[in-house]
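Structure record follows, encoded as structure tokens.
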Amino acid sequence: MSAYFITATGTDIGKTFVARGLIRALRADGRAVAALKPVVSGFDPAEAEGSDSGLLLAALGLPVTEATIAKISPWRFAAPLAPDMAAARERRTLDLRELIRFCHAAIAAEPGVLLIEGAGGLMSPVSADNIMLDWIVALGLPVILVAGSYLGTISHTLSALDVLARRNLKVAAVVVSETAGSPVGLDQTRDTLARFASQHDVIALPRLVPSAPESPALGRLAGRL
């Protein structure tokens, strides 16, 4: 069994895109894989198939039903906000201890690779008193950090890597997910970032052409998980 936490430098950067690609690559190699998206904001039951949870289930080859979504995403909120803010709108609360217990149970039960996808960015609030980083530290899992290729991502990504290093968290890979409309090329962003984070595996991930074949980079990363 091996488990990894997928987080990002911000929101809407490509965590689910990366998770889906890794799931497909692992399954193509005949390996057992499971995924969790414990907390989901902006969830609309009428659009469940297109939700992050629904996309992960589809990649796993599982039906998208109320039961399967509840199994991988127990905490679902309607507002597209940080989890604590989305929960507050529904007069609900998130307890980090419950999130940790849920993840530990899944880790213990999974014989293959388990991917746990966070919500929002690395420093996003999860509860009234905790941020995403607190959740990751409590689990102590290797991190797959997803960054964008937008102008400014170098600073954001190096800052995130510094925070992770200060918490003694292992970074399995940095995945630079292509950003639409960026004035900086994807490969240029990857190469620049790799110069300043040479101790990490930095992967460039094209994602703007839906019909493009699966990136070989994800297959290589999956082979190392």
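The values are calculated or read from the model by the stated rules, or taken from the named source; none is laboratory data. Remember, predicted model here, so these are calculated numbers, not experimental data. With ideal geometry, Cβ positions are generated from the backbone for all residues, glycine too; neighbour counts draw on all protein chains shown. Note: accessible area is taken over every heavy atom of the protein model, side chains too, but ligands, DNA and RNA are not part of it. Shrake-Rupley method; radii C 1.70, N 1.55, O 1.52, S 1.80 Å.
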- Query: Measuring from centroid to centroid over Cα atoms, what is the spacing of region 1-48 and region 129-159 in Å?
  - Reply: 15 Å
- Message: Once neighbouring chains are kept in place and the probe is 1.4 Å, which whole percent of the accessible area of the chain is contributed by carbon and sulfur?
- Response: 52 percent
- Taking the Cα centre of the chain as the origin, how large is its charge dipole in debye, to the nearest 20, when only Lys and Arg (+1) and Asp and Glu (-1) carry charge on their Cβ atoms? 420 debye
- Task: With a 1.4 Å probe and every protein chain left in place, tell me how much accessible area LYS37 has, in Å² to the nearest 10.
- Result: 10 Å²
- Message: Give me the Å³ per residue figure for the convex hull around the C-alpha atoms of region 98-157.
- Response: 97 Å³
- With every protein chain left in place, what is the accessible area per residue of the chain in square angstrom, probe 1.4 Å? 47 Å²
- Query: Between ILE144 and residues 5 or more places away or on another chain, which pairs have amide H atoms under 5 Å apart, with H built 1.01 Å from N, and which residues are they?
  - Reply: PHE5, ILE6, THR7, ALA172
- Message: Suppose each label sits 7 Å from its Cα in the direction of the beta carbon; what would the VAL64-ARG92 distance come out to in nanometres?
- Response: 1.9 nm
- Note on the structure: The size of the Cβ-based charge dipole (Lys, Arg +1; Asp, Glu -1) of region 91-225 about the Cα centre, to the nearest 20 debye, is 160 debye
- Item | Backbone HN-Hα couplings from phi across region 194-199 [Karplus 6.51/-1.76/1.60, Hz, Gly and Pro as x] | 5, 5, 9, 10, 5, 7
- Exposure ranking of LEU164, LEU225 by accessible area [1.4 Å probe, largest first]: LEU225, LEU164
- Counting only residues 5 or more places away or on other chains, whose amide H sits under 5 Å from the amide H of VAL33 once H atoms are built in the peptide plane? VAL113
- Message: As a test question: what accessible area, to the nearest 10 Å², does VAL176 have when a 1.4 Å probe is rolled over all protein chains in place?
- Response: 0 Å²
- Given the Cα atoms of region 134-197, and with Rh set as the inverse mean 1/r over their pairs in the Kirkwood sense, what is Rg to Rh to two decimals? 1.01
